[in-house]
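J.: After the structure tokens below, expect a handful of questions from me.
Please treat every number below as a calculation from the coordinates, not as lab data. From a predicted model like this one, the values you see are computed outputs, not experimental measurements. Heads up, the Cβs are rebuilt from the backbone with ideal geometry, glycines too, and the neighbour counts pull from every protein chain shown.
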């Protein structure tokens, strides 16, 4: 695996302050507004929460990854912050809230924290083998932080993306990073997908960063949607979260399933739409998606929204069960 190593040592000269953010949660019982319908395409709605806080730091969550205990999570904000927390469930196992969040400014490659959004526009996050991989959209970089230890460290390496840098549009660049299962066609390789940067065939730029299938591929664009996050299923298939917005039609989201065996250099991949939703559903600016495998084998999908720190948008966390 070819890496571009960070020049500076991992430890930062001064550590950024960590702030505890109290969260108040309201349960969401129905996904479709005014309906008790539970099954939507291939996904069954389990429950959700709307989160608010007296602390203005809450918001701008762009990607989320759950730990093996299925309740602890790490997330990133596109303002350049780490977010650590745990979900809380009610007696029926539904999302009921999150514990107080620990929010810490990221440290950039020069050892600086509290940077402006353009320098640390953290849109993607993936975890593997003691590493936290972070996709920085404006810079179109994948930075490698140590895990544990990310809150007190600058990046220790940068992964090559293979996508020509000039082909990635400003604010439409690297949006998704996901790590494939080791027992899959990609053999644990990391995958990046841009939000809406198109190749010569008008497919969305994507790439496998390492492993036996490393190289650039394309994802068939589903107009008017843009890709905001993704996560792999245990069998190696890739789920992609996509969103749309227009003043005429408002917000929308969909989740697409890409077969893992289709992902390879030079391919143009497409897949089944598992779910679509518009303003008649409990959605907002949906930006983060992760997959949780329950002890009994059920696969849950959790999606979160980015409120852009706007009073017009909401911080949502929604949970579904995949109906295979």
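J.: In whole Å, what three semi-axes, largest first, describe the equivalent ellipsoid of the chain built from its Cα gyration tensor (square root of 5 times each eigenvalue)? Walk me through the numbers on the way to the answer.
T.: Details: eigenvalues 148, 121, 70 Å².
Taking √(5λ) for each eigenvalue gives 27, 25, 19 Å, largest first.
J.: Could I ask something else about it? Relative to the present Cα-Cα distance, how much length would full extension add between residue 94 and residue 15 at 0.36 nm per residue of separation? Please report the intermediate quantities before stating the final value.
T.: Working: separation 79, 0.36 × 79 = 28.44 nm, distance 3.65 nm.
Extra length available between residue 94 and residue 15 comes to 24.8 nm.
J.: While we're looking at this one, here's another question. What nm value, rounded to one decimal, do you get for the distance between residue 69 and residue 86 when each label is placed 7 Å out toward the C-beta?
T.: 0.5 nm
J.: In terms of the Cα gyration tensor, with a ≥ b ≥ c the square roots of its eigenvalues, is the stretch 139-212 rounded because a/c is under 1.5, prolate because a/b exceeds b/c, or oblate?
T.: oblate
J.: Ok, one more. On full extension of the chain, what length is gained from residue 270 through residue 201, given 0.36 nm per residue of separation minus the C-alpha to C-alpha distance? Kindly include the intermediate steps, with their values, before the conclusion.
T.: On the way: separation 69, 0.36 × 69 = 24.84 nm, distance 1.38 nm.
Stretched out fully, the residue 270 to residue 201 stretch lengthens by 23.5 nm.
J.: Relative contact order for the chain: what is it in percent, counting Cα pairs under 8 Å that are at least 6 residues apart?
T.: 17 percent
J.: GNM on the chain, C-alpha springs below 10 Å: top fluctuator among 129, 199, 262?
T.: In this elastic network of the chain, the residue with the biggest mean-square fluctuation among 129, 199, 262 is 129.
J.: In addition: GNM on the chain, C-alpha springs below 10 Å: top fluctuator among 54, 167, 180?
T.: Result: 54 has the largest fluctuation of those listed.
J.: Express in whole angstrom the spacing between the alpha-carbon centres of the stretch 24-44 and the stretch 266-299.
T.: Taking the Cα centre of each part, the stretch 24-44 and the stretch 266-299 sit 14 Å apart.
J.: If you build a Gaussian network model of the chain, linking Cα atoms that sit under 10 Å apart, which residue out of 63, 122, 35 swings the most?
T.: Of 63, 122, 35, the most mobile in the Gaussian network model is 35.
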